[in-house]
Amino acid sequence: YLNSLYRETGTPIVCISNLPRTLHFMEDDARLTLLFERIDFRNYNAIELYGILEGRLKILNGELQIKIPEEILRYICFLSAKEGSARHAITLLDKCVTARNVEFTKEFIDKLNQSMEEKEWEIFVESLKKTEREFLNGVLDLAVKGEKITNKNIQRISKLSSQRISQLINIFVYDYIIIEFINNTKRGDKRYKELCFVSQETFESLLSVL
């Protein structure tokens with residue numbers, strides 16, 4: 001639809017989405033014709049998130065008289081600021097509001113947060129295309145075995161071509177799943193590129209859902 005609209009009118013198109021992989025889901029014809037430039041909005045920090053939740057609580061308190069300790073509210077903001085996500089913070093707050101007969105503690109918030117993160121990873125994995133899933137499985141397999149995560153090694157344990165692997169590396173570096181770096185150990189006269197996960201938490205989360 002966007003592709004046809006652009007061809008008919010020549011009008012510039014601006015798309016705003018809270019889904020980081022929006023371009024990924026577009027048909028190749030539209031994506032390659034429109035050539036969207038991705039601009040990421042700045043993430044919220046903990047102070048900004050606190051202001052958002054405080055405003056939401058004022059509205060709710062007028063109806064429900066909900067009391068959540070300030071320490072817990074700030075802890076929710078601290079956890080959500082790791083991703084800079086207002087949606088994550090608001091969802092945690094809403095789960096507290098709808099909880100019954102519970103004590104609002106950091107342990108309670110940690111359990112809610114862990115459950116939400118697991119669900120988010122499941123949704124992420126469900127959105128993957130077949131080659132993307134195969135690529136990540138290969139990267140995970142090499143990481144578990146303690147082998148170097150290189151283009152050549154991924155080729156060895158998958159059916160993906162070197163060119164496709166390079167494309168997938170760019171996708172998941174952009175998604176902040178993996179990091180590409182130059183290995184300082186020389187092979188002859190050349191240095192070579194390796195991959196690693198951005199964090200141990202990312203590695204463990206993917207391992208649990210893939």
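If R0 is taken as 25 Å, the Cβ-Cβ distance between SER115 and LYS145 corresponds to a FRET efficiency of 0.25. For a straight C-alpha distance cut-off of 16 angstrom, the aspartates and glutamates reachable from LYS67 (same-chain residues fewer than eight places away being disregarded) are GLU54, ASP94, GLU103. Karplus-based coupling profile of the range 68-82, in residue order and whole Hz: 10, x, 4, 4, 6, 4, 5, 5, 4, 5, 4, 5, 6, 5, 4, with θ = phi - 60° in 6.51 cos²θ - 1.76 cosθ + 1.60 and x standing for Gly or Pro. Note that the chain presents 67 Å² accessible area per residue, ligands and nucleic acids not counted, probe 1.4 Å. Between ILE13 and TYR176, the simple label model (points 7 Å from Cα in the Cβ direction) yields a spacing of 2.7 nm.
In this structure the amide hydrogen of VAL198, modeled in the peptide plane, comes within under 5 Å of the amide hydrogens of ILE178, ILE179, none closer than 5 places in sequence on its chain. Note on SER199 and ARG100: with the Förster distance fixed at 22 Å, the Cβ-Cβ geometry gives a FRET efficiency of about 0.05. Axis of helix 46-61 versus longest Cα principal axis of the chain: the two differ by about 40°, to the nearest ten degrees. The relative contact order of the range 95-210, computed from alpha carbon pairs under 8 Å that lie at least 6 residues apart in sequence, is 22 percent. Computing FRET efficiency as 1/(1 + (r/R0)^6) for ASN3 and ASN183, where r is the C-beta to C-beta distance and R0 is 30 Å, gives about 0.10.
For the residue pairs LYS82/LYS129; LYS82/LYS130; LYS145/LYS193; LYS159/LYS193; LYS82/LYS106, the C-alpha atoms sit more than 23 angstrom apart in LYS82/LYS129; LYS82/LYS130. For the chain, carbon and sulfur atoms together expose 52% of the accessible surface, with a 1.4 angstrom probe and every protein chain in place. As a test of the formula, what do you get for the chain when each DSSP H run with n ≥ 4 contributes -39,500 (n - 2.57) and the sum is divided by the residue count, at 222 nm and rounded to the nearest 500 deg cm²/dmol? Per the formula, -18500 deg cm²/dmol.
Across the chain, C-alpha contacts under 8 Å between residues 6 or more apart give a mean separation that, scaled by the residue count, equals a relative contact order of 13 percent.
Taking a straight line from the alpha carbon of LYS119, these lysines sit under 16 Å away, with near neighbours fewer than eight places off in the same chain left out: LYS95, LYS111. By definition, a body whose alpha carbon gyration tensor gives a ≥ b ≥ c is oblate when a/c is 1.5 or more and a/b is not larger than b/c, and the chain fits this oblate description. Rounding to the nearest 10 and keeping the result within 0 to 90°, find how far the Cα-based axis of helix 200-209 lies from the longest principal axis of the chain. Orientation of helix 200-209: about 90 degrees from the principal axis. For VAL14, neighbours were defined as the other residues whose beta-carbon sits under 13 Å from its Cβ, and their charges (Lys and Arg +1, Asp and Glu -1) total 0.
The values are calculated or read from the model by the stated rules, or taken from the named source; none is laboratory data. As the structure is a computational prediction, the values presented were derived from the model and not from experiment. Neighbour counts are summed over all protein chains in view; Cβ atoms, including those assigned to glycine, are modelled from backbone coordinates with ideal geometry. Keep in mind that these areas ignore ligands, DNA and RNA; they rest on the heavy atoms of the full protein, side chains included. Shrake-Rupley method; radii C 1.70, N 1.55, O 1.52, S 1.80 Å.
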